[in-house]
1. What's the long-distance tail for the range 218-259, i.e. % of Cα pairs beyond 13 Å?
2. Could you work out the mean projected area of the convex hull around the alpha carbons of the chain, in square nanometres to one decimal?
3. So which helices of the chain fit the span-like rule, where a helix is a whole DSSP H run, its Cα atoms reach 27 Å or more along the axis, and its mean Kyte-Doolittle is at least 1.6?
4. What is the spread of the Cα atoms of the range 64-137 along each of their three principal axes, largest first, in whole Å?
5. Taking a quarter of the surface of the Cα convex hull of the range 31-179, what do you get in nm²?
6. Once every DSSP H run of n ≥ 4 in the chain is given -39500 (n - 2.57) and the sum is divided by its residues, what mean residue ellipticity at 222 nm do you get, rounded to the nearest 500 deg cm²/dmol?
7. Whose amide H sits under 5 Å from the amide H of Glu235, counting only residues 5 or more places off or on another chain, with H placed in the peptide plane?
8. Could you pull the Cα extents of the range 157-272 along its three principal axes, largest to smallest, in whole Å?
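What follows is calculated from the coordinates using simple rules that are stated; it is not laboratory data. Owing to the predicted nature of the structure, the values given are computational and were not obtained by experimental measurement.
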Amino acid sequence: MRTTVINPPGRLPLPPWSELWEAREVALRFGQRDVVLRYRQTAIGVAWVLIQPLAAAGIFSLVFGSVANLPTGGIPYFLFSFISMLAWTLFSSVLGRAAPSLVANQALVAKVFFPRMLVPISTAMSALLDFAVGLALGIVLLVIYGVNPGWGVLLLPVWVLLFVLLALGIGLAASAWMVRYRDVGYILPWALQFALFATPVAYSLDAVPDNLLPVFAANPLSWLMELFRYSLLGEALPPTWQIVGAVLVSIGGFLLGAIVFQRHERSFADLI
């Protein structure tokens, strides 16, 4: 018979990594359920995954490409905006699904003992599946437009992982706060909308005026977006400090979010 030992938290509430790993099957089940429920009883199923980035790329192409005529470094604007939206959709999907996950599964959280952190973490699975479908279309567009990403494409999984880690870090903290304050659910969409335009998704940093460039360049999402486009569109590799900063911010953001989550976890069953 297996014995479960529950240790009291230390001064720094680090997540129980070993428990999370041992219960990874739970996360897999949550992820599978999320995928099934997301596309159940939909007429076009997984095609919805492609509609959002395609529609956004079309609108951005009209407004920023045709009307504003923003520079994209010689990349066709529709392709530029579609690839950018792939990265943004991955980030916003992981964050947007992780944040309300505890409240959405309140019956399980309140009655069943398991590492609660697996609930928001498992939401990344469906977001990554959506991303894979969109990436397949992105590759087709690269071929159609004749854009060769070069050897930088080999680093794409690294940038994807950093996007997911940063989104999960924020999502873990947001999910813990949402248990106590449902206001988070109202604030988050506005914050994501603001971040969309504060991040070079529909434009490149070259289009930002010099007096505002330091502000936009200080956004960690800008670093990740530039790295993502480097791998798929063959743009110039960002400076080393941005690469190092992207790695540190993503990993640090995930750890900080996990610590915030762990600090609040003991009160979930009472508050949810």
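1. Details: 453 of 861 pairs.
For the range 218-259, the share of Cα pairs beyond 13 Å comes to 53 percent.
2. Average of the hull's projected areas for the chain equals 16.9 nm².
3. Details: long enough: 77-98 (31 Å, 1.35); 118-145 (40 Å, 2.12); 156-180 (37 Å, 2.01); 240-264 (36 Å, 1.29).
The answer, listed by residue number, is 118-145, 156-180.
4. Cα spread of the range 64-137 along its principal axes, largest to smallest: 55, 24, 14 Å.
5. Details: hull surface 42.6 nm².
Reported value for the Cα convex hull: 10.6 nm².
6. Values: 13 runs with 183 residues, N = 272.
The helix contribution divided over the chain gives -21500 deg cm²/dmol.
7. Amide H neighbours of Glu235, under 5 Å, 5+ apart: Tyr230.
8. Dimensions of the range 157-272 along the principal axes of its Cα atoms: 51, 26, 23 Å.
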